[in-house]
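Notes follow the structure.
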Amino acid sequence: MTILGIETSCDETALALLECNGELPNPRFNVLAEALHSQVNIHKEFGGVFPMMAKREHARNLIPLFKQLLQKAGFDKNDAAHTSKNHSNILKNIGMVLEREPELFKQFSEYIPTIQKPPVDVIAVTQGPGLEPALWVGINFAKALSAFWDIPMLPTNHMEGHLFSVLLNPATSPKDLRFPAVALLISGGHTELILAHDYLSYELIGETRDDAVGEAFDKVARILGLPYPGGPEISKLAQEAREKEYPKTVELPRPMLRSDKLEFSFSGLKTAVLYKTRVLGELSHKQKASIAREFEDAVTDVLVEKTRRALLAHGAKTLIVAGGVSANKHLREAFASLASSLPDIKLLVPELPLSTDNAVMIAMAAYVRLSAGEKAKSTSETQKTIAQGRMGIVPEKA
Ligand code: KG4
Ligand code: ZN
């Protein structure tokens, strides 16, 4: 089956077309095409993501990206005959759905009726968690396509997307995912330890009390005068400090390392960086790199230790580490050595481009749900949704 994935929960506008086959535990995914636009350059000057600006950019970029996507997949066939007769009626209803995205509606009306319905079986769209204004754009775009072409849609959870992003890594096989599994999901908005009993049966066993790890990376980068997003910048400097053996500039705490709970806290760590750097005055490049290294080490120590306890406490067979922060090289190495130090634990991580937000993982998570027996919203339901204007599928609260 062919699934169109749509992801607009934060600052990436992402679309993907996947051919999905096979049954659990051995699903097979083939990426037919991908189109992704990062808004990083726009949000950079503000040092973080502005929800209303993210929304505007998603609305502006979805149709151009969709065009690119169809072209890459060879699905951009002209429909000169305009075969669907009651376009104007459907477009009127779609106008209601996209009433708060007039620019998107204009582009939609100009482009979509000129092409043939692509061979897509299901539209998977991120429902949440994420920035509500940004989520609305993707959801409304999905509703509009679903109504126009009579394609069922499946609202999809962003974190489930990160979780199943590991199923496409060629270094491992989907069959390596054995249960119980422990997943550490680390992104800009979340730091969660999940215990999965089966594909869709899981529970939260630990999370952060305050800042998410990615957020801490971004805030510490800001303190050090590095651009947004801070994760890759900190990682680069930290690596330099390790390779060149720069002396330690500051000593940072390992928050909650000794607590038995599987909870995290990163806000104090960020504040410690702030106070300790303040007394140092203007920081040299070497000092910045050394602080980046100590910060990365502190985060790694805590994440690895809590994850180790979770794996042992639950007799896990698989460890999944996913989400934007899992792109971090040092962390990947630390988790690889954790997994190899424990008998019978297989580590699954996403391929690097699938660590940060993307639509491939959204289509994959939808396929896992469909394979487990969940039904996509049928056309008649979508039509009902359209009749209800902006009601029906709504963003999930963060
Ligand atoms: O999953 P993601 O793309 O978006 C959210 O769902 O939040 O994660 C983004 C986060 C950002 O905070 C970014 O700084 C962090 O992932 N990140 C990294 C690295 N690459 C991205 N953090 C540490 N090291 C990296 N190499
Ligand atoms: Zn994410």
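The values are calculated or read from the model by the stated rules, or taken from the named source; none is laboratory data. In this text the structure is predicted, and so the values were computed from the model without any measurement. So basically every Cβ, Gly included, is an ideal-geometry build from the backbone, and we count neighbours across all protein chains shown. The accessibility values were calculated without ligands, DNA or RNA, using every heavy atom of the protein model including side chains. Shrake-Rupley method; radii C 1.70, N 1.55, O 1.52, S 1.80 Å.
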Can you list residue pairs whose Cβ atoms sit under 6 Å apart, with the first residue in segment 30-44 being open to solvent by 50 Å² or more (accessible area, probe 1.4 Å) and the second being among the hydroxyl-bearing types (Ser, Thr, Tyr) and in a strand (DSSP E or B)? Count only pairs 6 or more apart in sequence or on different chains. HIS37/THR13
Determine, yes or no, whether ASP121 is at positive phi and surrounded by fewer than 21 Cβ atoms within 10 Å (Cβ to Cβ). no
Going by what's in this entry, would ALA363 be described as within 16 Å of ligand 2 (Cβ to nearest atom) and assigned to a helix (DSSP H, G or I)? yes
If I filter segment 83-97 for residues that are among the charged types (D, E, K, R), surrounded by fewer than 21 Cβ atoms within 10 Å (Cβ to Cβ) and in contact (Cβ under 8 Å) with a residue 12 or more places away in the chain, do I get at least one hit? no
Quick check, is LEU18 closer than 17 Å to ASP121 by Cα and either at pLDDT 95 or above or touching a His at 6+ places or on another chain (Cβ under 6 Å) (or both)? yes
Pick from segment 172-192 the residues that are more than 13 Å from ligand 2 (Cβ to nearest atom) and under 16 Å from the mean Cα position of the chain (by Cα): which of them is surrounded by the most Cβ atoms within 10 Å (Cβ to Cβ)? ALA183
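Listed residues ALA376, ALA387; which is at pLDDT below 95, more than 15 Å from ligand 2 (Cβ to nearest atom) and touching a Pro at 6+ places or on another chain (Cβ under 6 Å)?
Going through ALA376, ALA387 in turn, the sole match is ALA376.
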Test result for LEU185, outside the structural domain of SER378 (by TED's automatic domain parsing) and either among the aromatic types (Phe, Trp, Tyr) or out of contact with any Leu (no Cβ under 6 Å at 6 or more places or on another chain) (or both): yes
Kindly establish whether SER267 is assigned by TED's automatic domain parsing to the domain that holds ARG178 and either over 19 Å from LEU193 (Cα atoms) or within 16 Å of the chain's Cα centre (by Cα) (or both). no
Picking from ASP260, ASP218, the residue that is open to solvent by 60 Å² or more (accessible area, probe 1.4 Å), outside any strand (DSSP E or B) and among the acidic types (Asp, Glu) would be ASP260
Number of the exception - SER109 against (1) within 13 Å of PHE66 (Cα to Cα); (2) surrounded by fewer than 21 Cβ atoms within 10 Å (Cβ to Cβ); (3) touching a Leu at 6+ places or on another chain (Cβ under 6 Å): (1)
Can you tell me which residues in segment 128-158 are outside any loop (DSSP other than H, G, I, E, B), crowded, with 22+ Cβ neighbours inside 10 Å and within 15 Å of ligand 2 (Cβ to nearest atom)? ALA134, LEU135, GLY138, THR156, HIS158
Looking at GLY206, is it under 23 Å from the mean Cα position of the chain (by Cα), buried (at least 18 other Cβ atoms within 10 Å of the Cβ) and within 16 Å of ligand 1 (Cβ to nearest atom)? no
Could you check how many residues of segment 316-349 are in contact with a Leu (Cβ under 8 Å, 6 or more places away or on another chain) and assigned to a loop (DSSP other than H, G, I, E, B)? 4
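Which one of GLU203, GLU207, GLU192 is farther than 20 Å from MET256 by Cα and among the acidic types (Asp, Glu)?
Among GLU203, GLU207, GLU192, only GLU203 is farther than 20 Å from MET256 by Cα and among the acidic types (Asp, Glu).
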What strands (runs of 3 or more DSSP E), lying completely within segment 1-68, carry at least 2 residues that are among the polar types (S, T, N, Q)? 12-21, 28-38
Suppose we filter ARG258, ARG222, ARG242 for residues that are of a type in the set (Lys, Arg), without any contact (Cβ under 8 Å) to a residue 24 or more places away in the chain and out of contact with any strand residue (DSSP E or B) (no Cβ under 8 Å at 6 or more places or on another chain); which single one remains? ARG258
Kindly indicate whether VAL304 is assigned to a helix (DSSP H, G or I) and either closer than 20 Å to LEU338 by Cα or not charged (D, E, K, R) (or both). yes
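Give me the residue from segment 310-325 that is within 26 Å of ASN169 (Cα to Cα) and surrounded by fewer than 22 Cβ atoms within 10 Å (Cβ to Cβ) and, out of that set, farthest from ligand 1 (Cβ to nearest atom).
GLY315
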